Amino acid sequence: MAINIKPLHDRVIIQAVEVGEEVKGGIIIPDSAKEKPQEGKIVAAGPGKTMEDGSVRAMAVKKGDKVIYSKYAGTEIKSNGEEYLLMREDDILGIIE
């Protein structure tokens with residue numbers, strides 16, 4: 001399903017990767033106790049950061065990249081019933097190859 005939001009400047013939209021539920025010793029961990037995933041796939045990216053001299057620095061990431069991002073980064077948004085994170089490129093720690 002396509003997202004109908006286009007990020008501006010140096011922002012990206014990320015769809016978090018679903019982490020499989022791990023059950024150890026028969027104990028089921030409730031959703032409220034699970035940690036938020038820190039991996040995701042970029043579904044949209046802005047054109048880049050506008051520098052002080054007016055030039056635009058291209059993004060280091062692109063649509064389709066799988067990335068790791070800061071634990072508390074981004075703003076949660078919903079579009080077409082799906083949940084996404086909208087964040088700055090600076091909050092991305094690395095690209096998973």
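The values are calculated or read from the model by the stated rules, or taken from the named source; none is laboratory data. All figures in this text were calculated on a predicted structure; none of them were measured in a lab. When we count neighbours, we look across all protein chains shown, and the Cβ atoms used for this are built from the backbone with ideal geometry, even at glycine.
Considering the conditions (1) touching a strand residue (DSSP E or B) at 6+ places or on another chain (Cβ under 9 Å); (2) farther than 21 Å from ILE3 by Cβ, LYS71 is excluded by exactly one of them, (1). Only one entry of PRO30, PRO47 meets the criterion of being modelled with pLDDT of 90 or more and more than 14 Å from ILE92 (Cα to Cα), and that entry is PRO47. Scanning region 59-97 for residues that are among the aliphatic types (A, V, I, L, M) and either touching a Cys at 6+ places or on another chain (Cβ under 8 Å) or surrounded by fewer than 12 Cβ atoms within 10 Å (Cβ to Cβ) (or both) yields a single hit, ILE96.
Residue by residue, here is whether (1) under 18 Å from GLN38 (Cβ atoms); (2) at pLDDT below 90; (3) in contact with a Ser or Thr (Cβ under 9 Å, 6 or more places away or on another chain); (4) not acidic (Asp, Glu) holds:
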position	(1), (2), (3), (4)
VAL61	yes, no, no, yes
GLY64	no, no, no, yes
SER79	no, yes, no, yes
GLU89	yes, no, no, no
GLY94	yes, no, no, yes
